[in-house]
Amino acid sequence: MSAATTALVAEDEAPQRRELCAMLAELWPELTIISECEDGLCALEAWTANPPDVAFLDIRMPGLNGLEVARQAGGSAHVVFITAYDEFAVDAFEAGAVDYLLKPIRAERLAMTVGRLRQRQLPAPIDLDSLIRAFAGRFAPKQEISWITASVGDIVRMISIDDVLLFKAEDKYVRVATAEHAAHIRTPLKALQLQLDPEIFWRVHRNAIVRVSAIRRVKPDEDGRLQIWLDGVSEPIQVSDSFRHRFRPM
Amino acid sequence: MRRTRPWRDESGLERMDGVRIGAGFASLGGMTFSHDALGDRLPRGVLSDLGGWTLYQSFRAFTWPWLLRRAALFWPLAILVGCVFATWHSAGMGSWLDWPGLAWRACLAGLAAVSVGPLLATFIRHRRLPLAAERVLVVLAILIGLAIALIAAHMASAYHAELMRGYAGRSMNVGLFGRVVSIVLAMSIDASIFALVIAGGGVAAVYYLGERRRIAQHEAHQQVERLRGERDAANMRLAVLQAQVEPHFLFNTLASVRSLIANEPERAAQTVEALGNYLRATLPRLRGGRVEETTLGAQIQLCTGYLDVIAARMAGRLQVRVEASETARAAPFPPFILLTLVENAVTHGIEPKVGPGAIAIIASVDQDQLTVSVEDDGAGLEPGVTSGLGLTNVRAQLLSLFGERATLEIAARPSGGVRARIRIPLDGP
């Protein structure tokens with residue numbers, strides 16, 4: 001390996017950062033630490049300005065988290081992620097070529113990492129993108145929506161899903177209606193539907209998902225198409241023919 | 001100053017169990033319903049849709065408590081019908097001498113109709129015969145009761161016919177009262193068999209035959225509810241454990257302490273001290289069985305313990321402010337809720353933010369309401385959808401303790417960051 005292996009170290013707590021640098025200096029004297037950063041934005045900047053061979057990234061950092069830094073910087077370096085605790089992530093990375101350190105970082109464990117990095121003679125970095133995608137997927141397993149964060153008037157609020165009566169697609173946005181508020185979000189209905197409890201929310205039209213328990217009245221209009229009135233929502237909601245069967249009388 | 005009941009906190013969870021499971025299950029005392037306890041009242045869920053509007057129907061059909069309460073309702077009715085009949089006749093014929101003879105016969109017929117079948121059936125049921133035999137005999141008893149009732153009614157009407165023969169050729173003096181009773185009688189003659197079936201225990205027999213099925217259904221329903229309650233409680237317990245010993249927090253703090261030891265031993269000591277205080281405040285709650293009162297003051301202390309650790313690690317990057325009056329601190333407050341909000345403020349507000357940050361815990365008492373806010377000047381809210389387990393637990397806990405009387409609001413602050421605000425009634429759940 002050439003003597004000029006360079007590294008970037010990003011960790012928001014200064015003492016931990018210093019300690020890591022000190023440990024690296026001892027275990028890998030030829031390594032030159034070219035950037036030390038205390039938040040994600042600084043790390044990304046330093047990375048793009050001065051691409052390192054190896055990046056040690058804390059996952060939880062102010063500004064941008066470590067994953068985002070690695071993703072945005074592109075696969076131009078070997079990345080070692082550092083985190084205090086995440087068993088799933090450990091699984092994900094054990095399968096990959098990128099290393100993963102748990103805090104507090106033990107010297108022997110760091111020596112292993114250094115050993116791996118040196119042995120590889122730093123070949124072309126592996127495809128980080130797909131790994132990060134897999135990792136991010138495990139990081140945030142798909143769960144049902146329970147909160148919606150959206151502007152109500154000029155204030156951004158969190159609305160509990162239990163208060164939502166109606167999702168209605170309107171132009172580029174989806175209107176979220178509760179008894180008191182109306183808010184707009186960008187998540188499309190199709191994506192929402194996948195994350196909503198199908199027992200509680202029914203899709204009744206291409207442009208509407210309604211809370212079943214809030215349905216007050218179902219009535220055909222003059223053209224024979226079904227319309228729904230919801231408690232707490234003033235306008236009627238159209239039921240499209242493909243969802244009509246759900247309202248057959250029992 | 002008002003005295004409010006402090007929270008009994010046995011790790012907070014027993015309370016949740018009590019609220020969630022107990023609500024639906026208390027009537028059964030957590031036991032399956034015994035088919036032998038004939039005198040017991042049936043739980044509400046066992047009553048049929050029509051049942052339960054009178055007292056007797058909340059007991060098992062054809063048992064003594066059922067029979068007595070039913071008699072209390074039906075006997076006066078039977079006597080009333082008998083007397084009205086006699087009065088109708090006497091007023092119509094202008095002969096009140098007929099009244100006593102006719103009245104006691106009509107009343108007796110009515111009483112026989114409402115009592116004989118059910119009485120026989122009750123005797124049979126209390127013999128505790130094998131189920132199939134009991135069912136057959138009960139139905140038989142009701143039929144015998146109906147036959148006897150018909151005979152009694154026939155005897156009463158024969159006596160009436162006998163009387164009428166004495167008035168041959170005279171028409172009845174029909175006043176308003178007479179006309180009304182005539183109409184009612186005319187209607188009830190058509191319906192007399194039907195009326196006899198209702199009064200004589202026919203409906204009760206049908207009810208009796210369906211009793212075991214309803215009890216079984218009710219028990220299955222209770223079982224489902226109980227399991228659901230257990231699952232919710234277990235989920236909550238897990239979430240609480242996770243919140244208590246949030247591994248990320250713990251390991252990060254340890255890493256921080258280790259790196260401080262060499263160069264900044266004083267700060268290392270501070271961090272260890274703060275961690276010790278925090279753990280002392282949290283860990284006892286993991287032990288079950290210990291009763292502890294939790295007030296808002298205690299919860300604030302727990303949160304400042306947590307924030308002290310974070311502040312020590314962040315080396316001045318975090319400022320903490322607490323504004324709470326003595327009254328507010330003394331108010332009872334459910335556990336875990338405030339800590340969850342503070343943790344959220346740190347994880348989603350302060351940690352992702354570049355540069356210094358501040359967190360404020362502000363509590364005030366206004367009339368009967370306690371308002372507690374956690375404010376940060378951090379990264380703010382990002383529009384979108386989330387699963388937010390911690391907040392969902394907070395909401396669920398507030399809802400199960402206070403119902404609609406508690407509110408949780410999370411909104412961006414105009415000056416940046418987020419404010420989470422809880423309002424709960426001061427008079428407790």
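The one condition from (1) assigned to a helix (DSSP H, G or I); (2) buried (at least 20 other Cβ atoms within 10 Å of the Cβ); (3) under 35 Å from the mean Cα position of the chain (by Cα) that B:THR253 does not meet is (3). Among residues that are without any contact (Cβ under 8 Å) to a residue 60 or more places away in the chain and touching a Lys or Arg at 6+ places or on another chain (Cβ under 7 Å), A:ALA84 is included. Can you name the residue in the stretch A:23-37 that is touching a Ser or Thr at 6+ places or on another chain (Cβ under 7 Å) and part of a loop (DSSP other than H, G, I, E, B) and, of all such residues, is nearest to the other protein chains (Cβ to nearest Cβ)? Selected residue: A:LEU31. Being polar (S, T, N, Q) and modelled with pLDDT of 70 or more is the filter here; which residues of the stretch B:174-223 pass it? Within the stretch B:174-223, B:GLN217, B:GLN222, B:GLN223 qualify.
Would it be correct to say that A:PHE135 is assigned by TED's automatic domain parsing to the domain that holds A:VAL80, modelled with pLDDT under 90 and among the aromatic types (Phe, Trp, Tyr)? In short, yes. Of all residues in the stretch B:71-127, those being at positive phi and in a helix (DSSP H, G or I) number 0. List the residue pairs whose Cβ atoms are under 9 Å apart, where the first residue sits in the stretch B:404-421 and is at the interface with chain A (Cβ under 8 Å from one of its Cβ atoms), the second is assigned to a loop (DSSP other than H, G, I, E, B) and crowded, with 17+ Cβ neighbours inside 10 Å, and the two are 6 or more positions apart or on different chains. Note: pairs meeting the criteria are B:ILE410/B:LEU381; B:ALA411/B:LEU381; B:ALA412/B:GLY380; B:ALA412/B:LEU381.
Filter the stretch A:144-163 down to residues that are more than 7 Å from chain B (Cβ to nearest Cβ) and outside any strand (DSSP E or B) and give me whichever is surrounded by the fewest Cβ atoms within 10 Å (Cβ to Cβ). Among those residues, the one meeting the criterion is A:ASP154. Residue count for the stretch B:57-70 under the criterion of being crowded, with 19+ Cβ neighbours inside 10 Å and part of a helix (DSSP H, G or I): the result is 4. When B:ARG423 is tested against (1) surrounded by 16 or more Cβ atoms within 10 Å (Cβ to Cβ); (2) closer than 27 Å to A:PRO62 by Cα, just one condition goes unmet, and that condition is (2).
Does the stretch A:155-169 hold any residues that are touching a residue at least 24 places away in the same chain (Cβ under 8 Å) and over 13 Å from A:ASP231 (Cβ atoms), and which are they?
Residues of the stretch A:155-169 that are touching a residue at least 24 places away in the same chain (Cβ under 8 Å), as a first pass: A:157, A:159, A:161, A:164-169.
Across the stretch A:155-169, the qualifying residues are A:ARG157, A:ILE159, A:ILE161, A:PHE167, A:LYS168, A:ALA169.
Taking each residue of the stretch B:125-148 that is of a type in the set (Val, Ile, Thr) and looking for partners that are buried (at least 19 other Cβ atoms within 10 Å of the Cβ) and not in a helix (DSSP H, G or I) with beta-carbon atoms closer than 7 Å, six or more apart or interchain, yields B:VAL138/B:PHE62; B:ILE142/B:GLY200; B:ILE142/B:GLY201. Within the stretch A:168-208, the set of residues being basic (Lys, Arg) and either within 12 Å of chain B (Cβ to nearest Cβ) or in a helix (DSSP H, G or I) (or both) comprises A:ARG186, A:LYS190. Pairs meeting the criteria (first residue in the stretch B:368-382 and within 14 Å of another protein chain (Cβ to nearest Cβ) and without any contact (Cβ under 8 Å) to a residue 24 or more places away in the chain, second residue of a type in the set (Val, Ile, Thr) and assigned to a strand (DSSP E or B), beta carbons under 9 Å, at least 6 apart or on different chains) are B:GLU382/A:THR149; B:GLU382/A:VAL156. Every listed requirement among (1) under 26 Å from A:GLU144 (Cα atoms); (2) assigned to a strand (DSSP E or B) is met by A:ARG244 save one, (2). For the stretch B:359-410, a tally of residues being surrounded by fewer than 17 Cβ atoms within 10 Å (Cβ to Cβ), of a type in the set (Gly, Ala, Ser) and modelled with pLDDT of 90 or more returns 1. Look at A:LEU20 and say whether it is within 14 Å of chain B (Cβ to nearest Cβ), closer than 20 Å to A:LEU110 by Cα and crowded, with 20+ Cβ neighbours inside 10 Å. When the stated conditions are applied, A:LEU20 passes them.
The values are calculated or read from the model by the stated rules, or taken from the named source; none is laboratory data. Note that the structure is a prediction, hence the values are computed from the model and not measured. Here the Cβ is made from the backbone with ideal geometry for all residues, glycine too, and neighbour counts use every protein chain on show.
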